[in-house]
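This report refers to the structure that appears directly beneath it.
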Amino acid sequence: MGSLLNALVRLQAVEDRLRAAKARLVRCKRTVAIHESRIKAEQATLEAKREEIKRTKMQCDRLDLELKTRDQEIAKYRAALNTARTNKEYATLLTQLNTTKADNSKLETQILELMKGIEAEEAECDALQAQIEEHRRQLEQIRTETEAAAAKLQAEVDQIQAEWDEVASTIPPDVLEIFKRVAETYDGKAVVEIEQGEGRSHSYSCGGCFMGVTTESVNLLMTKDEIIRCPNCTRILVLGKTQAT
């Protein structure tokens, strides 16, 4: 291969390293974001639980007020029993008294169950708050470690980028533009080797999309230092080591 194709092969090698380094840098930074997201979700759960406790307490207050009102009714019925003039009136008042007492008993049971629920929810809130605090402590440690790791990875990216720029400077601008466009389309893989089929010396295919490549294209690459692109995927084709020799 001539100087142009060799430069493209070198650029592809650097492009692969550059994208790999950038991916490691992104994953490194994402670690902090993942932990922040987890804490945010836990905080939202905690706030929802606290809001539910607040609503339950308001319900308890309403039921307690109703219970007090019914207690006053019971006191009135008891007082009225002492002044009942007939057995029928007495019996009616007694029925109302017993009914109200039964209703009160149900209210007391309901309030008790709600209070037990509040107690359990508050215990869960305390445990969740402790968990959030622990995760925040872990986050600060992870943030410190990640910042140090990210700084090293950024330095590696910068170094590889400098190599990329140096190799790119040896390639004509129009060819470099083609390389960039194809690289963006295929996640960085702009240059691929032509593959030769086993047992058939004149069977060739693109190393990217595996569609057939003509013998004429292979011959051109053997004799000319110019870019040949796959007619199917448009990647830049180069000869493999065995073909180049």
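In summary, residue 221 fulfils each of the numbered conditions (1) modelled with pLDDT of 95 or more; (2) surrounded by 11 or more Cβ atoms within 10 Å (Cβ to Cβ) with the single exception of condition (1). Taking the stretch 95-119 as the range and being under 15 Å from residue 55 (Cβ atoms) and of a type in the set (A, V, I, L, M) as the test, the residues that pass are 111, 114, 115, 118.
Checking each residue in the stretch 28-60 for being under 25 Å from residue 116 (Cβ atoms) and touching a helix residue (DSSP H, G or I) at 6+ places or on another chain (Cβ under 9 Å) picks out 42, 45, 46, 49, 50, 52, 53, 56, 57, 59, 60.
Sub-9 Å Cβ pairs linking a first residue in the stretch 208-222 that is closer than 12 Å to residue 235 by Cβ to a second residue that is assigned to a loop (DSSP other than H, G, I, E, B) and of a type in the set (Phe, Trp, Tyr), at least 6 apart or interchain, are 208/186, ordered by first then second residue.
Figure legend. Inter-residue proximity from the stretch 171-200: first residues modelled with pLDDT under 95, second residues exposed (fewer than 11 other Cβ atoms within 10 Å of the Cβ), beta-carbon distance below 8 Å, spacing 6+ or different chains. Indicated pairs: 196/242.
Looking across the stretch 72-130 at every residue that is of a type in the set (Lys, Arg) and over 59 Å from the mean Cα position of the chain (by Cα), the one that is nearest to residue 47 (Cα to Cα) is identified as 76. Could you tell me whether residue 31 is among the β-branched types (Val, Ile, Thr), within 28 Å of residue 134 (Cα to Cα) and either assigned to a helix (DSSP H, G or I) or over 50 Å from the mean Cα position of the chain (by Cα) (or both)? Judged against the criteria, residue 31 is a match.
Do we find a residue being of a type in the set (Ser, Thr, Tyr) and assigned by TED's automatic domain parsing to the domain that holds residue 34 anywhere in the stretch 129-149? Yes: one or more hits. Scanning the stretch 111-124 for residues that are in contact (Cβ under 8 Å) with a residue 12 or more places away in the chain and under 13 Å from residue 57 (Cβ atoms) yields 111, 114, 115, 117, 118, 121, 122. At least 3 residues being closer than 24 Å to residue 23 by Cβ is the threshold, and among the helices (runs of 4 or more DSSP H) wholly inside the stretch 170-245 those reaching it are 173-185. Annotation note: of 166, 193, 177, the sole residue that is surrounded by 11 or more Cβ atoms within 10 Å (Cβ to Cβ), in contact with a Gly (Cβ under 6 Å, 6 or more places away or on another chain) and of a type outside the set (Phe, Trp, Tyr) is 193.
For the stretch 222-236, indicate whether the set of residues that are in contact with a Leu (Cβ under 9 Å, 6 or more places away or on another chain) and closer than 14 Å to residue 13 by Cα is non-empty. For the stretch 222-236, residues in contact with a Leu (Cβ under 9 Å, 6 or more places away or on another chain) and closer than 14 Å to residue 13 by Cα: present. Looking across the stretch 76-106, the residues that are of a type in the set (Ser, Thr, Tyr) and either surrounded by 10 or more Cβ atoms within 10 Å (Cβ to Cβ) or in a helix (DSSP H, G or I) (or both) come down to 77, 90, 92, 95, 99, 100, 105.
The values are calculated or read from the model by the stated rules, or taken from the named source; none is laboratory data. No experiment lies behind these values; they were computed from the predicted model shown. Here the Cβ is made from the backbone with ideal geometry for all residues, glycine too, and neighbour counts use every protein chain on show.
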